[in-house]
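The values are calculated or read from the model by the stated rules, or taken from the named source; none is laboratory data. None of these values were measured; they are calculated from a predicted model. Positions of Cβ are generated from backbone atoms using ideal geometry, with glycine treated the same way; all protein chains shown enter the neighbour counts. Quick note on the areas: whole protein, heavy atoms, side chains included, nothing else; ligands and nucleic acids left out. Shrake-Rupley method; radii C 1.70, N 1.55, O 1.52, S 1.80 Å.
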Amino acid sequence: MPSVVIIGGGPGGYEAALVANQLGADVTVVDRDGLGGSAVLTDCVPSKTLIATAEVMTDMGSAAELGINFHDAQGDAATSIRVDLGKVNARVKALAAAQSADIEDRLTRRGIGIIKGLGRLGKGAGRGGGEVIATHPDGTEESVQADAVLIATGAHPRVSPTAQPDGERILTWEQVYDLTETPTHMIVVGSGVTGAEFASAYLALGVPVTLVSSRDRVLPGEDADAATVLQDVLERRGMTILGRSRMQSVVRDGDTVTVTLTDGRTVTGSHCILAVGSIPNTAGLGLEEAGVQLDDGGFVRIDKVSRTTAPGVYAAGDCTGGFMLASTAGMAGRIAMRHFLGDAVQPMDLKQIASNVFTSPEIATVGWSQAAIDSGEIQADVVKLELQGNPRAKMQGIHDGFVKLIARRGSGVVIGGVVVGPRASELIHPISLAVAANLTVDQVANTFTVYPSLSGSVAEAARRLHQV
Ligand SMILES: Cc1cc2nc3c(=O)[nH]c(=O)nc-3n(C[C@H](O)[C@H](O)[C@H](O)COP(=O)(O)OP(=O)(O)OC[C@H]3O[C@@H](n4cnc5c(N)ncnc54)[C@H](O)[C@@H]3O)c2cc1C
């Protein structure tokens, strides 16, 4: 029976473990912090649980338009709805811990070995098999032999010497769930996906927010039309967005946090979240010694089937950079194991990855981008339909958002799309399916949608792309 050792128990690691076990391998997972990894314990699951509360608050904010008014026990108009952040965060942590326990339980029931500790490559690793050394929390070591090793160690928040988190008021995204009191003014540094999500969430929770963005607009890596809609909505709801503003330092003085910008301006608040990127967890693993090449940022170099440059060593997930998503980590881990164990493998197709920014409104994307068309990289036709014109959106009081569909010129095959709106993460799926299955705009247009529905806009966009 071939043996596999996986270092790291996040989605890159545990999904791989399940597939390798299914394919008959003897599997051991070495994990430091808990099954589910950062995805479950500190990043994806906690942030989306916090955002679930923020979504309810957003809905309540627009309730009056739909004829709902809030009253107190005396029948007087209630002027505000408040969030108990201590309660919210307790729920977040309990849910994350329960999900981690579920995953551990699932792996254990399947007979997958779990070693709690720090893993690193040992003798022979990188030569088609070898040793993994696990250091237990009490400092003792255990050696495990493996025919193949998967590195799935993830990444951690980047911090700078001039902006050191203290876990109380200057926070990484991993530390925000320790807050028991609602901040009076949250400063979010960084306007990428993580920064935008937290800024949007705290604003919806009723906290005044200042977003410090080093670029012209929020979400510089996303569809420009989508980012513009989000920026407009956030500013309309009262967020201060400082564009072209680079953080120089963050300092705490008692209950106050001051962010100093490189041009000398300062912003003062009660708390600050640092969301300025991630560093791969690739140091101290014995990778270079085993012949595993890293890029300049310290990320493991892999090919389309998750092989590193060292025989018998695979890597998956955030430690390899690229699309840093739980879904891609899981896919890369499964591909690695299928490849090693001789099962049918479909290499990862980056043009099929669907992703979502969980702001309010959400922004979901799949396939080729508008930027690629504008730069001439690909010839395609684009139709963008505002949700305002959709009957269901009118009924639900949805004013912001759109559906954008991208089709290859000539064939009319759907090659990409963007959805901006509530639950865009759900609405992107028909477009993802079309992209994955090479469906034409006519096939999408001729598929029944429910009336009235937001997905009707996907079919309508496809109809408008009909080529005569
Ligand atoms: C705030 C935030 C929100 C996010 N939201 C989403 C989302 O909504 N959807 C989405 O798809 N993605 C989301 N992501 C990204 C997602 O969390 C990551 O892409 C995902 O966690 C990557 O999985 P992974 O298995 O590579 O690593 P991780 O989940 O980081 O797991 C790695 C594991 O390896 C362990 N480890 C590290 N070094 C060692 C070692 N030497 N020995 C043993 N164990 C070790 C770590 O402790 C950890 O348990 C979010 C990220 C952030 C920061």
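Looking at region 194-217, I want the residues that are closer than 15 Å to Arg244 by Cα and have a partner that is assigned to a helix (DSSP H, G or I) and within 16 Å of the ligand (Cβ to nearest atom) with Cβ atoms under 6 Å, at least 6 apart or on another chain. Which pairs are those? Once the first residue is closer than 15 Å to Arg244 by Cα and sits in region 194-217, its partners that are assigned to a helix (DSSP H, G or I) and within 16 Å of the ligand (Cβ to nearest atom) give Leu211/Ala199.
The set of residues from region 157-169 being open to solvent by less than 50 Å² (accessible area, probe 1.4 Å) and over 26 Å from Val300 (Cα atoms) comprises Ala163, Pro165, Gly167, Arg169.
Looking at the structure I just gave you, is Ile279 surrounded by fewer than 21 Cβ atoms within 10 Å (Cβ to Cβ), within 13 Å of the ligand (Cβ to nearest atom), under 21 Å from the mean Cα position of the chain (by Cα) and touching a residue at least 24 places away in the same chain (Cβ under 8 Å)? Step through it out loud before you land on a result.
On the way: surrounded by fewer than 21 Cβ atoms within 10 Å (Cβ to Cβ): yes; within 13 Å of the ligand (Cβ to nearest atom): yes; under 21 Å from the mean Cα position of the chain (by Cα): yes; touching a residue at least 24 places away in the same chain (Cβ under 8 Å): yes.
Spelling it out, Ile279 is indeed surrounded by fewer than 21 Cβ atoms within 10 Å (Cβ to Cβ), within 13 Å of the ligand (Cβ to nearest atom), under 21 Å from the mean Cα position of the chain (by Cα) and touching a residue at least 24 places away in the same chain (Cβ under 8 Å).
Only one of Ile103, Ile112 is among the β-branched types (Val, Ile, Thr) and over 24 Å from the mean Cα position of the chain (by Cα). Can you tell me which? Give the derivation first.
Numbers: Ile103 fails: over 24 Å from the mean Cα position of the chain (by Cα).
Answer to the check: Ile112.
The single condition among (1) open to solvent by 20 Å² or more (accessible area, probe 1.4 Å); (2) away from the ligand (no atom under 16 Å from the Cβ) that Ala63 does not satisfy is (1). Being farther than 18 Å from Leu171 by Cβ, open to solvent by 60 Å² or more (accessible area, probe 1.4 Å), of a type outside the set (Lys, Arg) and modelled with pLDDT of 95 or more: is that true of Asp232 here? Here the answer is yes, as Asp232 does meet what is asked. Against the criterion of being more than 22 Å from Ala25 (Cβ to Cβ) and in contact with a Phe, Trp or Tyr (Cβ under 9 Å, 6 or more places away or on another chain), Glu197 qualifies. I need the full set of residues from region 296-320 which are within 16 Å of the ligand (Cβ to nearest atom) and either part of a loop (DSSP other than H, G, I, E, B) or over 23 Å from Arg120 (Cα atoms) (or both), in order please. Those that are within 16 Å of the ligand (Cβ to nearest atom) and either part of a loop (DSSP other than H, G, I, E, B) or over 23 Å from Arg120 (Cα atoms) (or both): Gly297, Gly298, Phe299, Arg301, Ile302, Ser306, Thr308, Ala316. Checked against the criterion of being within 24 Å of Lys48 (Cβ to Cβ), in contact with a strand residue (DSSP E or B) (Cβ under 9 Å, 6 or more places away or on another chain) and at pLDDT 95 or above, region 370-385 has no qualifying residue.
In this structure, does Ile51 turn out to be within 16 Å of the ligand (Cβ to nearest atom), aliphatic (A, V, I, L, M) and under 29 Å from Leu203 (Cα atoms)? Please lay out each step first, then the result.
Numbers: within 16 Å of the ligand (Cβ to nearest atom): yes; aliphatic (A, V, I, L, M): yes; under 29 Å from Leu203 (Cα atoms): yes.
Answer is yes for this residue.
Kindly indicate the residue of region 418-468 that is polar (S, T, N, Q) and in a loop (DSSP other than H, G, I, E, B) and also surrounded by the most Cβ atoms within 10 Å (Cβ to Cβ) among those meeting that condition. Walk me through it before giving the result.
The initial filter retains those residues of region 418-468 that are polar (S, T, N, Q), namely 425, 432, 438, 440, 443, 446-447, 449, 453, 455, 457, 467.
Restricting the remaining residues to those that are in a loop (DSSP other than H, G, I, E, B) gives 438, 446-447, 449, 453, 455, 467.
Details: Asn438: 12, Asn446: 12, Thr447: 15, Thr449: 16, Ser453: 15, Ser455: 20, Gln467: 12.
Residue satisfying both the conditions and the ranking: Ser455.
Condition test on Thr182, is it of a type in the set (Ser, Thr, Tyr), under 30 Å from Leu405 (Cβ atoms) and in contact with a helix residue (DSSP H, G or I) (Cβ under 9 Å, 6 or more places away or on another chain)? No. Among the residues of region 191-200, write down those that are crowded, with 23+ Cβ neighbours inside 10 Å and outside any helix (DSSP H, G or I). Within region 191-200, just Ser191 meets the criteria.
Do you know which of the residues in region 191-203 that are among the small types (Gly, Ala, Ser) and within 11 Å of the ligand (Cβ to nearest atom) is farthest from Ser249 (Cα to Cα)?
As a first pass, look at region 191-203 and keep what is among the small types (Gly, Ala, Ser): 191-192, 195-196, 199-201.
Checking which are within 11 Å of the ligand (Cβ to nearest atom) leaves us with 192, 195-196, 201.
On the way: Gly192: 19, Gly195: 17, Ala196: 20, Ala201: 24 Å.
Step by step, filter region 191-203, then rank; the result is Ala201.
For region 23-34, enumerate the residues that are under 30 Å from Ala94 (Cα atoms) and either more than 8 Å from the ligand (Cβ to nearest atom) or open to solvent by less than 10 Å² (accessible area, probe 1.4 Å) (or both). If you could, list the steps in order and put the result at the bottom.
Our first condition is that a residue be under 30 Å from Ala94 (Cα atoms); within region 23-34, this holds for 27-34.
Matches in region 23-34: Val27, Thr28, Val29, Val30.
Name the residues in region 169-179 that are within 22 Å of Ala39 (Cα to Cα) and assigned to a loop (DSSP other than H, G, I, E, B), would you? Residues satisfying the conditions are Trp173, Glu174, Gln175, Leu179.
Test Ala39 against the criterion of being under 30 Å from Ala344 (Cα atoms) and in contact with a Pro (Cβ under 6 Å, 6 or more places away or on another chain), and give yes or no. Steps first, answer last, please.
Values: under 30 Å from Ala344 (Cα atoms): yes; in contact with a Pro (Cβ under 6 Å, 6 or more places away or on another chain): yes.
Yes, satisfied.
When region 149-188 is examined, which residues are found to be closer than 30 Å to Ala125 by Cβ and more than 16 Å from the ligand (Cβ to nearest atom)? If you could, list the steps in order and put the result at the bottom.
Quick first cut of region 149-188, residues closer than 30 Å to Ala125 by Cβ only: 149-158, 174.
Those that are closer than 30 Å to Ala125 by Cβ and more than 16 Å from the ligand (Cβ to nearest atom): none in region 149-188.
Checking each residue in region 113-132 for being more than 18 Å from Asp26 (Cβ to Cβ) and free of Cβ contacts under 8 Å to residues at least 24 places away in the same chain picks out only Lys123.
Can you confirm whether Leu211 is crowded, with 21+ Cβ neighbours inside 10 Å, closer than 30 Å to Phe402 by Cα and within 16 Å of the ligand (Cβ to nearest atom)?
Numbers: crowded, with 21+ Cβ neighbours inside 10 Å: yes; closer than 30 Å to Phe402 by Cα: yes; within 16 Å of the ligand (Cβ to nearest atom): yes.
Considered against the rule, which asks whether it is crowded, with 21+ Cβ neighbours inside 10 Å, closer than 30 Å to Phe402 by Cα and within 16 Å of the ligand (Cβ to nearest atom), Leu211 comes out as yes.
Hey, can you tell me all the residues within region 87-107 that are more than 16 Å from the ligand (Cβ to nearest atom) and open to solvent by 70 Å² or more (accessible area, probe 1.4 Å)? Residues satisfying the conditions are Lys87, Arg91, Asp105.
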